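The values are calculated or read from the model by the stated rules, or taken from the named source; none is laboratory data. Since this is a predicted model, take the numbers as computed values, not measurements. Neighbour counts are summed over all protein chains in view; Cβ atoms, including those assigned to glycine, are modelled from backbone coordinates with ideal geometry. We work out accessible area using only protein heavy atoms, side chains counted, and drop any ligands, DNA or RNA first. Shrake-Rupley method; radii C 1.70, N 1.55, O 1.52, S 1.80 Å.
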Amino acid sequence: MSRIGRMPITIPAGVKVELADDNTITVKGAKETLTRTLHPEMKVEIEGDTITIVRPSDNKMHRSLHGLTRTLVNNMIIGVTDGFTKVLEINGVGYRAAMQGKTLNLTLGYSHPVNFEAEAGITIEVPQPNQIIVKGADKERVGATAAKIRSFRAPEPYKGKGIKYADEYIRRKEGKTGAKKK
């Protein structure tokens, strides 16, 4: 039995969960409304203020989908109540970020500035020139947006210059030793 899959999900106050016939679940909260179509073989039961996920059999595919389905529904509920955030840090001389309206303007050592427009439902904040905060209700879209911003200048291992996650550790490499030629 899946340890994660069999855990019930409690629906907090102010959140409305609806399940359609084609296994599409809609979660409405104070921040946003999220909709996702779950795997058709997984059964979602809503009883009062708890949600349980039931799998039809013990074969390998159903066991793997059990915990995944529960986690996806739980992330939707957390997203509409609290939301998700990813914090990025910029390291490097002259590297900085600034917001111009809804456009993120990045100066990353290229000959041109990099402009990035966030999709709907995602907000980007720049409290300091070397810090970017990505917020939103959908965990998957927040992570994808943060990864896209990071990909503009991924951190390099010698000086650590680039955009990295706040909790990411960059393994440093030793530079050339400068051995003498004969």
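Could you pull out the longest piece of the chain with no exposed loop chymotrypsin sites (Phe, Trp or Tyr not before Pro) in it, calling a site exposed if DSSP puts it outside H, G, I, E, B and it has at most 12 other Cβ atoms within 10 Å?
On the way: sites that count: TYR110, TYR158, TYR169.
The answer is 1-109.
Among 52-65, 124-137, sorting by the average number of other beta carbon atoms lying within 10 angstrom of each residue, highest first, gives 124-137, 52-65.
Over 28 Å between C-alpha atoms is what I'm after, so list which of LYS31/LYS161; LYS43/LYS164; LYS31/LYS102; LYS28/LYS86; LYS86/LYS159; LYS86/LYS176 land there. Walk me through the intermediate numbers first.
Values: LYS31/LYS161 35 Å; LYS43/LYS164 39 Å; LYS31/LYS102 19 Å; LYS28/LYS86 22 Å; LYS86/LYS159 23 Å; LYS86/LYS176 35 Å.
Beyond 28 Å: LYS31/LYS161; LYS43/LYS164; LYS86/LYS176.
Summed over all non-identical Cα pairs, the Kirkwood treatment of the range 1-107 gives a radius of 16.1 Å. Averaging 1/r over every pair of different alpha carbons in the range 47-118 and inverting the result gives a Kirkwood radius of 16.6 Å. Once the Cα atoms are used to define both axes, helix 139-151 deviates from the longest principal axis of the chain by about 10 degrees.
Can you give the helix-only mean residue ellipticity at 222 nm for the chain, where every DSSP H stretch with n ≥ 4 adds -39500 (n - 2.57) and the sum goes over all residues, rounded to the nearest 500 deg cm²/dmol? Could the numbers behind the result be given before it?
Values: 2 runs with 35 residues, N = 182.
Taken over the chain, the calculation gives -6500 deg cm²/dmol.
Computed from Cα positions, the angle between helix 60-81 and the longest principal axis of the chain comes to roughly 80 degrees.
Find the Cα radius of gyration of the chain, compare it with 2.2 N^0.38 Å by division, and give the number to two decimals.
Working: Rg = 21.7 Å, N = 182, 2.2 N^0.38 = 15.9 Å.
For the chain, the normalised Cα radius of gyration comes out at 1.37.
The calculated P(r) of the range 1-48, using every Cα pair and 10 Å bins from 0, goes 22, 52, 25, 1 in percent.
For the range 23-30, 3J(HN,Hα) computed residue by residue from phi via the Karplus equation (6.51, -1.76, 1.60; θ = phi - 60°) reads 6, 9, 9, 10, 10, 10, x, 5 Hz, glycine and proline entered as x. Here the chain exposes an accessible surface that is 50 percent carbon and sulfur, computed with a 1.4 Å probe and the other protein chains kept in place.
Treating r as the C-beta distance of GLU18 and LYS176 and R0 as 45 Å, the FRET efficiency rounds to 0.15. For the range 86-182, a Kirkwood hydrodynamic radius built from all Cα pairs, placed in the Stokes-Einstein relation at 25 °C and 0.890 mPa s, yields a translational diffusion coefficient of 170 µm²/s.
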